[in-house]
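The values are calculated or read from the model by the stated rules, or taken from the named source; none is laboratory data. These numbers were taken from a predicted model, which means no experiment stands behind them. Using ideal geometry, Cβ is built from the backbone for each residue, glycine included, and neighbour counts are taken over all protein chains shown. These accessible areas exclude ligands, DNA and RNA; they are computed on the full protein's heavy atoms, side chains included. Shrake-Rupley method; radii C 1.70, N 1.55, O 1.52, S 1.80 Å.
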Amino acid sequence: MLQMKDAFVIQGLGGKRTLQGKISVMGAKNAALKAMAAAILFKDPLKVENVPQIEDISRLGEVLEFIGAKVEVKDRTRTITVPDGASSALPEEIAKRFRGSVVLTGPLLARFGRVTMPHPGGCVIGKRPIDIFLEGFEKMGATVTEHANEYQIDASKEGLQGVDLFLRVPSVTATETFLMAGVLANGKTTIRNVALEPEVQALAEFLNACGAKIEGIGTPTLEIEGGGLLESGGKSYITPPDRIEAGSFAILAALSGKDVEISPVVPLHIEALLETFREMNIPFELSGETLRIEDKRGGEMLPTQIKTHEYPGFPTDLQAPMTVLLTQAKGESPVFETIFEGRLNYTEELTWMGADILTLDPHRVLVRGKSALRGRKLESPDLRAGIAYVIAAISATGESVIGNAYNIDRGYERLEERLSGIGVDIKRVAE
Ligand code: EPZ
């Protein structure tokens, strides 16, 4: 049973590359969360398959049940039915704990005409504002009133109107929220400057397969013709493999792997990472959906520069694990985190492990390698910094204790079990 205050105890490999075996990739957290939220748009039950068994998925299931949905759990399948009588007041104490809850607002507002939501929680990677959501809903005819620290959004007079929206930034969850709102809004909704992440495209394609009318999938502009509730007709949403989990394990293998196979991966979804591996002289083999990384004595890992960018650029969610890898590349590697202003804070604790990282400003650091890492006691501040600390601890010399494992359990299912399977000495302890 996962406890809030669990910790991982890891014995480091002292820089040796010994990990070997196969590690499996679960369904994508950031795809499954949105598909589950989309159940609100359906008149019949929606089945979401290959769901990862992680904390954020459990929290979303709790939120859906709280508002009156029926959520049947069978292994990695969730069957969700949202009746007409469902309420649309999101429970603060759950919704605040993960950003994914924000995508419920679009479908709830479009179907029930109102939604009450707390300021969504999530990682400590930045302010995580929701101005784009609130401005967009107002443009669609809703009124937004802010109380204590919740928002009441009401469109009950004429319902949501299809409008022309331009996203100030190609926000992933804002794109998904307005895409889903547009499915039930009156008239046509155009969204410009949308996020192109694979999970956005997978959601749009599935909604179209169930009767939605969405044009422009995979382009910067989506056009949605509003209509009635969708019908799954028994079709399931199959969650694609998690590209961020696959990338995290590939980076671990590049750092500490002797011969590691990671599957299933969708090569198209991790192209930016694979291109970075080529720049760093890290050999890898792709065959079908399997990525294999061996310790070929092909010479030193080279430094490179990382600039995070919306898909298909280098994903911000892999920035922290990649920074750990760069500490072992001889030379200077600038890292430019363009998406979130708080997503380099974790590097301070990496320097306590022996990494040589110079902070240039809130968006940029300079990693100077190669530096020997030593095991430390660390607290994972968020999901991706947490996995970065795990990766650093595995490569380091000595023992590390990584607290706040809940933050890692939010996105990585049975982590200690799967890492032990390729030879990592990792244990979960109650702190
Ligand atoms: C999604 O968050 C992911 N979460 C994040 O993954 C991921 O890091 C992020 O996209 C970027 O790829 C989920 O899908 C649940 P954004 P999201 O809106 O949609 C600013 C993980 O580890 N912004 O694309 O919240 C925002 O501050 C998580 O799995 C506004 O200014 O990210 C950021 O600077 C972490 N106003 C930028 O946009 C708004 O109203 C991009 O954020 C909304 C966003």
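List of remarks:
- All of K96, K16 fail the test of being over 25 Å from S236 (Cβ atoms) and buried (at least 16 other Cβ atoms within 10 Å of the Cβ), apart from K96.
- Of the strands (runs of 3 or more DSSP E) lying entirely inside the range 314-431, those carrying at least 3 residues that are open to solvent by 10 Å² or more (accessible area, probe 1.4 Å) are 331-336, 356-361, 364-369, 425-430.
- Every pair of residues 6+ apart whose Cβ atoms lie under 6 Å, when the first sits in the range 21-45 and is within 14 Å of L179 (Cβ to Cβ) and away from the ligand (no atom under 12 Å from the Cβ) while the second is β-branched (V, I, T) and open to solvent by 10 Å² or more (accessible area, probe 1.4 Å): none
- Taken as a whole, the condition of being in a loop (DSSP other than H, G, I, E, B), crowded, with 16+ Cβ neighbours inside 10 Å and on the phi < 0 side of the Ramachandran plot applies to I125.
- Complete set of residues in the range 262-282 that are open to solvent by 50 Å² or more (accessible area, probe 1.4 Å) and either in a loop (DSSP other than H, G, I, E, B) or in contact with a Ser or Thr (Cβ under 7 Å, 6 or more places away or on another chain) (or both): E279, N281
- Residue in the range 241-252 that is in contact with a strand residue (DSSP E or B) (Cβ under 9 Å, 6 or more places away or on another chain), closer than 24 Å to Y389 by Cβ and in a strand (DSSP E or B) present: yes
- The range 42-84 holds no strands (runs of 3 or more DSSP E) entirely within its bounds that carry 2 or more residues that are at pLDDT below 95, on the phi > 0 side of the Ramachandran plot and touching a helix residue (DSSP H, G or I) at 6+ places or on another chain (Cβ under 8 Å).
- Residue ID - surrounded by the fewest Cβ atoms within 10 Å (Cβ to Cβ), chosen from residues in the range 283-313 that are more than 20 Å from I262 (Cβ to Cβ) and more than 16 Å from the ligand (Cβ to nearest atom): R297
- Once the range 164-189 is narrowed to residues that are open to solvent by 10 Å² or more (accessible area, probe 1.4 Å) and under 24 Å from E231 (Cα atoms), the residue that is nearest to the ligand (Cβ to nearest atom) is T173.
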